[in-house]
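Coordinate-derived values only; no laboratory data. Please read these numbers as outputs of a predicted model, since none were measured by experiment. Here the Cβ positions follow ideal geometry from the backbone for every residue, glycine too, while neighbour counts run over all protein chains shown.
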Amino acid sequence: MVDGILFLWFILAALSVVFVSVDVRHTPESPVLKWAFVLISAYAGPFGAFFYVLGCREPLPGLHARFVATRWRQVLGSTMHCVAGDGAGILAGAAIGSSLHLQASVHVALEYVLGFGFGWTIFQALFMRDMAGGSFTRSLRSTFIPEFLSMNVLMAGMLPTMMFLMVAIPGSDTPGHLTFWFIMSIALLVGAVVAYPMNWWLVAHHLKHGMMTIRRPEAAEESVAPKKAEEMPKMDHRETALTHASPPSTTAVVKMAFFSVLLFVLGIIIAVISGTWH
């Protein structure tokens with residue numbers, strides 16, 4: 001029964017990756033979010049493809065900017081960006097930690113460091129440096145807090161899910177078993193759901209971008225939508241968030257940082273209480 005479910009899951013995941021990889025080439029989205037949806041489809045299979053169609057895929061030619069302008073789609077793009085980048089590091093940390101049979105606390109620390117490091121330096125600072133005037137250093141500074149808040153909440157959702165399922169399903173704690181990767185997929189999905197509200201706050205307060213619309217010059221000329229509304233190639237986080245809210249105060253950011261750490265600690269406590277922490 002379990003083997004059949006796993007077989008079906010990974011077949012659907014492979015088909016989802018192929019579909020998104022081919023289709024996203026025709027979607028006028030930023031390159032980093034195109035890669036994000038491909039990675040999400042690899043992590044979450046048909047759910048990733050569903051998120052892509054629901055939140056990013058252009059419904060009709062020339063309507064992408066209008067389609068993604070709604071707040072919930074902006075936040076979906078922000079969340080997918082977070083999960084794609086952080087997820088790559090988290091999966092690498094989980095595989096290394098499980099292979100080396102590291103103590104749980106070291107294992108989780110490795111996942112956090114690799115997830116945060118890859119998500120922050122590569123998926124956020126490097127890929128989004130144009131929004132910081134092309135400066136990687138400035139981009140590192142501007143993306144640190146958003147990445148920290150989002151990563152904490154993502155891990156808060158992932159940890160209890162991952163720990164509980166690995167205890168519930170025998171033999172699933174080693175990367176050599178397909179069950180391990182299935183559990184990591186489910187954990188990332190749960191983490192994305194938990195991280196969505198935090199990303200809503202980040203987008204609403206200009207600390208993270210959402211979806212964007214970037215067309216080639218020749219494609220923009222043929223578009224039925226106004227060119228200015230469609231082109232957003234080099235804007236900062238404030239302009240791409242599509243919101244009129246004011247940037248948050250330092251006090252508000254500190255409070256949200258404390259809240260995110262509290263959620264992360266709560267996730268660890270739930271894992272401890274469930275008897276899965278060794």
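List the DSSP H helices in the chain whose Cα atoms stretch 24 Å or more along the helix axis and whose mean Kyte-Doolittle hydropathy is at least -1.0.
For the chain, where a helix must reach 24 Å along its axis and average at least -1.0, the hits are 2-23, 71-99, 136-168, 178-204, 250-273.
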Can you tell me how much longer the chain between V18 and V113 gets when fully stretched, taken as 0.36 nm per residue apart minus their C-alpha distance, in nm with one decimal? 31.2 nm
FRET efficiency, 1/(1 + (r/R0)^6) with R0 35 Å, evaluated for V2 and V272 via beta carbons: 0.85
Grab the Cα-Cα distance for T251 and L60, subtract it from 0.36 nm times how many residues apart they are, and report the gain in nm with one decimal. 64.5 nm
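Divide by every residue of the chain the summed helix terms, -39500 (n - 2.57) for each DSSP H run of at least 4, and state the resulting mean residue ellipticity at 222 nm, rounded to the nearest 500 deg cm²/dmol. It would help to have the intermediate numbers written out before the result.
On the way: 12 runs with 193 residues, N = 278.
Calculated at 222 nm, the ellipticity per residue is -23000 deg cm²/dmol.
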For a test of the definition: using alpha carbon positions, the gyration tensor, and the 1.5 limit on a/c, classify segment 51-101 as rounded, prolate or oblate. prolate
Let me make sure I get this right: for segment 33-138, a, b and c are the square roots of the gyration tensor eigenvalues over alpha carbons, sorted descending. Under 1.5 in a/c it's rounded, otherwise prolate if a/b > b/c, else oblate. Which is it? oblate
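Give, in nm to one decimal, the length gained when the segment between I96 and T137 is fully stretched (0.36 nm per residue of separation minus the Cα-Cα distance).
11.8 nm
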